[in-house]
1. Under the rule that an exposed site lies in a DSSP loop and has at most 16 other Cβ atoms within 10 Å, name the longest stretch of the chain with no chymotrypsin sites (Phe, Trp or Tyr not before Pro) of that kind, not counting the sites themselves.
2. Multiply the residue separation of Arg12 and Trp155 by 0.36 nm, subtract the distance between their alpha-carbon atoms, and state the gained length in nm to one decimal.
3. Set the Förster radius R0 to 25 Å, insert the Cβ-Cβ distance between Leu19 and Tyr166 as r into 1/(1 + (r/R0)^6), and round the FRET efficiency to 0.05.
4. Taking R0 as 35 Å, what's the FRET efficiency between Ala38 and Thr222 from their Cβ-Cβ distance, rounded to 0.05?
5. Taking only Cα atoms, what is the 0 to 90° angle, nearest 10, from helix 114-141's long axis to the longest principal axis of the chain?
6. Hey, with R₀ at 22 Å, roughly what FRET efficiency would Glu202 and Gln244 work out to, going by the Cβ-Cβ distance, to 0.05?
7. Just to be sure I understand: with springs between alpha-carbon atoms less than 10 Å apart, which residue in Arg12, Arg118, Arg220 has the highest mean-square fluctuation in the Gaussian network model of the chain?
8. When only alpha-carbon atoms count, how far does the range 2-175 stretch along each of its three principal axes, as whole angstroms with the largest first?
Amino acid sequence: MLHRAVDRFLERQRWLEPLADFLQKIAAAIYKGTAGHALKSFLNGTWLGHPLHPVITDIPVGAWTLAILFDLIHLANRGSAVWIDGATLLVGVGVLAALGAWVTGYTDWSDTYDRERRFGIAHALLMSTALVLYIVSFFLRLPVAGHAFAIILSWIGYVLVITAAYLGGELVFNIGTGVNHHAWQTPPTEWTPALRESMLTEGKPQKADVDGTPIFFCKRGTSILAISNTCAHAGGPLNEGPLQGDVITCPWHGSRFDIRTGAVKGGPATVAQVRYETRVQAGQVEVRRAPDSLQPS
Ligand code: FES
């Protein structure tokens with residue numbers, strides 16, 4: 001299988017590890033403090049409710065695919081400048097969008113570990129090389145439409161883009177990076193016993209597994225608040241993070257969630273936590289998924 005061969009190949013590339021360490025340290029320095037966290041959340045796509053990187057990546061791939069088509073039409077029919085001028089424009093549009101994809105991808109990758117980190121940095125190195133080739137190609141095309149070397153550079157870049165896109169696909173579809181970690185949970189939709197009320201201490205996070213779904217509880221006066229305990233970002237255990245007021249911080253990468261609503265208050269998570277309704281029956285806390293909670297049932 002191709003993905004196994006790629007996996008083994010990347011595992012042997014030990015030189016990637018110090019490079020990845022270095023790049024993640026830079027990201028940690030850039031995204032430090034309140035302003036840094038806000039910028040990181042923006043680039044993660046928290047404001048959009050969806051990772052921003054995959055929204056942008058289709059633009060360069062689409063633009064550069066069309067650019068190849070326009071180059072080919074130009075080479076087949078040299079009479080009109082329209083096609084080669086169009087190719088130059090498409091290469092430029094692709095470069096601009098790829099810069100956005102680069103920044104957002106780097107931001108998402110900065111929270112990865114181990115195998116996903118290896119796939120991520122290989123994906124990034126190929127895409128970065130392709131981007132450099134496309135930038136050179138664009139500046140060669142500008143003064144000389146149809147510059148042969150510029151066309152060759154962009155075609156080499158396109159092969160790298162397709163290879164990198166394969167690795168990006170492996171990251172999401174095979175490894176699960178960036179996937180909502182509630183996607184395959186089955187939260188109870190009918191009232192289901194979770195834990196004894198006596199197990200709850202005022203203002204202290206508590207976790208209980210309910211039919212295989214980990215749920216976070218917190219007693220607030222006469223209310224018992226409950227949201228998914230599995231962080232939507234990468235599955236971190238929320239009950240192990242610090243609780244300040246109504247906001248719990250994930251211990252893995254620092255996503256913050258409102259425990260009253262499940263809403264994301266800070267990235268890298270982009271999807272809200274499942275929220276549960278609670279009631280107490282004969283000393284037993286029961287839960288069911290809140291009907292306005294948009295997560296899978
Ligand atoms: S697992 Fe990444 S922020 Fe929670």
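Values in this text are rule-based calculations from the coordinates and carry no lab data. Just so it is clear, the structure is predicted and the values come from calculations on it, not from any experiment. Counting neighbours? That spans all protein chains shown, and the Cβs are built from the backbone with ideal geometry, glycine included.
1. The longest such stretch corresponds to 192-297.
2. 48.6 nm
3. 0.75
4. On the way: r = 35 Å, r/R0 = 0.99.
Efficiency at R0 = 35 Å is approximately 0.50.
5. Its long axis makes an angle of about 30 degrees.
6. The value I calculate is 0.90.
7. Arg12
8. 55, 39, 26
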